[in-house]
1. Restricting to segment 67-105, name every residue that is under 15 Å from Ala45 (Cβ atoms) and open to solvent by less than 20 Å² (accessible area, probe 1.4 Å).
2. Of all the strands (runs of 3 or more DSSP E) wholly in segment 55-109, which have at least 3 residues that are in contact (Cβ under 8 Å) with a residue 40 or more places away in the chain?
3. How many residues, within segment 24-51, are under 12 Å from the mean Cα position of the chain (by Cα) and either exposed (fewer than 13 other Cβ atoms within 10 Å of the Cβ) or more than 19 Å from Asn95 (Cα to Cα) (or both)?
4. Of everything in segment 2-15 that's within 28 Å of Pro42 (Cβ to Cβ) and exposed (fewer than 10 other Cβ atoms within 10 Å of the Cβ), which residue is modelled with the highest pLDDT?
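The values are calculated or read from the model by the stated rules, or taken from the named source; none is laboratory data. All values derive from a computational prediction rather than experimental measurement. Here the Cβ positions follow ideal geometry from the backbone for every residue, glycine too, while neighbour counts run over all protein chains shown. To get the accessible areas, we keep the full protein, side chains included, count just its heavy atoms, and leave off ligands, DNA and RNA. Shrake-Rupley method; radii C 1.70, N 1.55, O 1.52, S 1.80 Å.
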Amino acid sequence: MSAGGRLVQLSGAAWEDDAPGIRARAVQGVDGRRFAIVEYGPGAARDDWCLDGHYGIVLEGEIEYRFDDGSPPLRVGAGDALWLVGGGPAHQGHNVAQGATTLFLIDPV
């Protein structure tokens, strides 16, 4: 490990089911942050509302986030980055692509 950077080894993390049709490879990384590759299968959607914050990028596909306060949905496609503010409004992800959607996410401390 160099003084100027740290390696977060996602390649060694096993895939784990996160919700029906959703799986993740995740590790606790630098300063307690969670780093994850998350894959939503075709049509997969979260049932539960999430209040955690997330930073990330869509690597493949397209995801839509819905908000519990009635805010307009946020649609994010491959190559675009996202920031979901922690603490609310709560959000739910839904894969709107024809195939799988894959994201890289960092959950701040």
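1. Hits for segment 67-105 are Val76, Ala90, His91, Gly93, Asn95, Thr101, Leu103.
2. Values: elements: 62-67, 74-77, 81-84, 91-95, 101-107.
Ranges flagged: 91-95, 101-107.
3. Residues meeting the conditions: 3.
4. Ala14
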